[in-house]
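Here's the structure we're looking at; comments come further down.
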Protein chains: 2
Amino acid sequence: MAAKANPVPSVWTRQQSPPDQPALSRTAIVREAVVMLDADGIEALSMRKLGARLNAGATSLYRHVATKDELMELAVDEVAAEITVPPADAARGGAGWRAAATEAAGSFRATALRHPWLSSVLGQAGLAYLGPNLMSYSERLAALFTAAGFPEPSRAIDTLLSYVIGMSTTEAAWLTTVARSGDSEGDFIARLMPAAQQAAADHDHLAEAYADAAVRAPVDPVALRDAKFTYGLEVVLDGLEMRLTA
Amino acid sequence: MAAKANPVPSVWTRQQSPPDQPALSRTAIVREAVVMLDADGIEALSMRKLGARLNAGATSLYRHVATKDELMELAVDEVAAEITVPPADAARGGAGWRAAATEAAGSFRATALRHPWLSSVLGQAGLAYLGPNLMSYSERLAALFTAAGFPEPSRAIDTLLSYVIGMSTTEAAWLTTVARSGDSEGDFIARLMPAAQQAAADHDHLAEAYADAAVRAPVDPVALRDAKFTYGLEVVLDGLEMRLTA
DNA sequence: AGGGGTTGCGAACACTGTGCGCGTCTGCGT
DNA sequence: ACGCAGACGCGCACAGTGTTCGCAACCCCT
């Protein structure tokens, strides 16, 4: 880097001790990677571009990160820190656990939608699961569901998380394709409708559903997605509650 | 291909009308792509290798498929044909819908585990959703849940599918990393335990859970995954049933 | 017999992740 | 104050990727 900041190599042009940016560090690399992923999606992240952003060569990154896959695991754990879980006390006594679980689920979804590339990565998931932030996340969930009084907390957690992951990844993937189209979500849906209707032409139930949707006044797609998420969440929580009281 | 099979150009060396393998066709390409994906995972599929498998050059494929992404969408729809849904009659009368839903969910999971690359692709999902097989799948689900008497069938379907997708992708991703390790699932778990326990050292609930697992007699991991899946499935179905009778 | 449309292909382009060896810089032990 | 070992950054190179383009061979219809 010194060589680059000093293009004419001579004793006279050399700066003695430049304030020097924080240099290159693992955390700085991961942080910038997350920024790039959020901005331009997963296939826009390359080691060269990431290096360039940090005023570094591509291969310099390999001093701090073994491989790109490892970098992705670190990125996952980095954003995992954003997911909040209410303190376990909130669930003690049996009343508050539903609100607490709802909040935890909502926080997961919000994080997944804020970082849509997460969905693409969860499917290939090396063992990011062992990252400190994800570990702490699991721990807090376990504390919450144990305090709530579940006989098999891990089972309940797996169930809830599966639902939340399934819904969130689907949603994130949808939003990614919408974003790539350049249109707003509403416009994209409108533009997609004809094709969808034609594809559904031979299928009675689907055709009817599309026809109904076309007749009704157009709904805010964001509100619709929210409603869909909370509906399913209530279903899962109802099912879990039966295991709690029984 | 004729030119390749016929390196000496002359009337005499030319084969008149060789039985000729089915040549190159969209369906043949997609079918072979699925075979390769199943065998070696998603990152092992390249256009050149796929072409080679079909005795064709890489670029020849582009006569039948616009882009690799499109090929992946076709592959998804191809395997979607394997997912079965019981006929709607099974659900009429209210009794059989649970068994039918269970079977549909199980079939989805089985397909996802048979083709683990599906999980990696669902996260980026272009609009494979419009493929004929997936459309027919949605239709049969809609028929089933409508016959079961759900007031909002699509809501129920979305909920169930989210759970099944979440659980299955997680499972498939796990199985993929296991497979890459070369070990059996049991051995891999054993090899992973120390690291997991160390990572969980500072987290009470997790540490306890790991300790319990270490004490108990080792369980067949396959059976354990099956149990986990059906537990969550029952939870979701219970929650749905409340919406049905109400 | 001829010609038009379809199909396959080789070369080429712009990129990718990553290994290697070299120069430079830094901090520590004397 | 000095010297040196280790950490650090970097350019080059390699093998491989998806995809475009122009050309050649083939089939079928007139």
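Only the coordinates and a few stated rules stand behind these numbers; no lab work does. All values derive from a computational prediction rather than experimental measurement. Note that each Cβ is placed from the backbone with ideal geometry, even for glycine, and that neighbours are counted across all protein chains shown.
For the ranges A:65-77, B:167-179, what's the packing order if you count other beta-carbon atoms within 10 Å of each residue, average per peptide, and put the highest first?
Highest to lowest by the protection proxy: B:167-179, A:65-77.
Can you tell me the FRET efficiency between B:T230 and A:E70 if r is taken as the Cβ-Cβ distance and R0 is 35 Å, rounded to the nearest 0.05? E(calc), rounded to 0.05, equals 0.50.
The 3J(HN,Hα) values that the Karplus relation (6.51, -1.76, 1.60; θ = phi - 60°) gives for the stretch B:105-119 are, in residue order, 4, x, 5, 4, 4, 4, 5, 4, 7, 6, 10, x, 5, 3, 4 Hz. Gly and Pro appear as x. Helix A:26-40 and the longest principal axis of the C-alpha atoms of chain A enclose an angle of approximately 60°. The mean number of partner chain beta-carbon atoms within 10 angstrom of a residue's beta-carbon across peptide B:194-204 is 3. Note on A:R180 and B:A52: the model spin-label points, each 7 Å out from Cα along the C-beta direction, lie 2.7 nm apart. Couplings for the stretch B:149-157, taken from phi via the Karplus curve 6.51 cos²θ - 1.76 cosθ + 1.60 with θ = phi - 60°, read x, 6, x, 10, x, 5, 5, 4, 4 Hz in order; Gly and Pro are left as x.
For peptide B:138-150, the mean count of partner chain Cβ atoms within 10 Å of a residue's Cβ comes to 3.
Applying the Karplus relation 6.51 cos²θ - 1.76 cosθ + 1.60 with θ = phi - 60° to the stretch A:68-80 yields 3J(HN,Hα) values of 5, 4, 4, 4, 5, 4, 5, 5, 4, 5, 4, 6, 4 Hz, where x marks Gly and Pro.
Between copies, the label points of B:G149, set 7 Å from Cα on the Cα→Cβ line, lie 3.2 nm apart, reported in increasing order to one decimal in nanometres.
Based on the Cβ-Cβ distance of A:D202 and B:A110, what FRET efficiency does E = 1/(1 + (r/R0)^6) give at R0 = 22 Å, to the nearest 0.05? Provide the component values of the computation, followed by the final result.
Working: r = 27 Å, r/R0 = 1.21.
The calculated FRET efficiency here is 0.25.
Could you give log10 I(q)/I(0) at q = 0.10, 0.13, 0.15, 0.16 Å⁻¹ for chain B, computed by the Debye formula over C-alpha point scatterers of equal weight, without solvent? Results for chain B at q = 0.10, 0.13, 0.15, 0.16 Å⁻¹ read -0.67, -0.95, -1.11, -1.17.
Give the separation of the Cα centroids, the stretch B:183-220 to the stretch A:137-160, in Å. Taking the Cα centre of the stretch A:137-160 as reference, the centre of the stretch B:183-220 is 17 Å away.
The simple spin-label model puts a point 7 Å past each Cα toward its Cβ; for B:V219 and B:Y62 those points are separated by 5.2 nm. Each of B:E82 and A:T84 was given a label point 7 Å from its Cα along the Cα-to-Cβ line. The distance between the two points is 4.3 nm. Taken residue by residue and averaged, Cβ atoms of other chains lying within 10 Å of the Cβ of A:221-229 number 1.
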